[in-house]
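The values are calculated or read from the model by the stated rules, or taken from the named source; none is laboratory data. If you're wondering where the values come from, they're calculated on a predicted model, not measured in any experiment. FYI the Cβ positions are ideal-geometry reconstructions off the backbone, even for glycines, and counts take in every protein chain you see.
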């Protein structure tokens, strides 16, 4: 099952700010562009919030659920590029965490990864060159799964009216197995890259 897309190059878009010193890609509040989208080292990254109509947004009505969406796309022509299993560290790097401008950390919609599959790498080339992870803020199920990820749900409240942000910083790792027995494997790392989206509940 396809689930991914990958990451970016720093340039300025309308309503999108980039801090070169700290490698922070940020969407300001009330931006005309609700999507972070950039390419770096032949990987395209997109990070955005989806409203209940499935559209990227930074403004939501009180009581409205929303989703965090991270997309990665391999634009490298080399075959057999793979995402290594430290992608799970996203949960430790702030992915999907909501922070109030006035009250501090509100929480995260999942507690931990809960998968039984014993695998080391995920295909990231050919038909599987796109990877997409979608996580809802509020989920009524005991577990939600975004294959190959399986997350324990951490029940969260409806957000009160106010200004919030979500931010995470991660080093994305990729593995290239040798194409013949006499060659060595190689790898590449992208980051740390920091994504930040300011949003409001009104």
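Yes or no: residue 180 without any contact (Cβ under 8 Å) to a residue 12 or more places away in the chain and surrounded by fewer than 17 Cβ atoms within 10 Å (Cβ to Cβ)? Give the derivation first.
On the way: without any contact (Cβ under 8 Å) to a residue 12 or more places away in the chain: yes; surrounded by fewer than 17 Cβ atoms within 10 Å (Cβ to Cβ): yes.
So residue 180 passes the test.
Quick one: count up the residues across the stretch 32-50 that are more than 30 Å from residue 187 (Cα to Cα) and either under 16 Å from the mean Cα position of the chain (by Cα) or at pLDDT below 90 (or both). Can you show your working first?
Going residue by residue through the stretch 32-50, those that are more than 30 Å from residue 187 (Cα to Cα) are 32-34, 49-50.
Still in the list and also either under 16 Å from the mean Cα position of the chain (by Cα) or at pLDDT below 90 (or both): 34, 49-50.
The number of residues fulfilling the criteria is 3.
Would you kindly identify the strands (runs of 3 or more DSSP E) lying entirely within the stretch 116-202 that contain at least 2 residues that are modelled with pLDDT of 90 or more and farther than 22 Å from residue 34 by Cα?
Details: elements: 121-123, 130-136, 143-146, 149-153, 162-176, 186-201.
Filter on the stretch 116-202 gives 162-176, 186-201.
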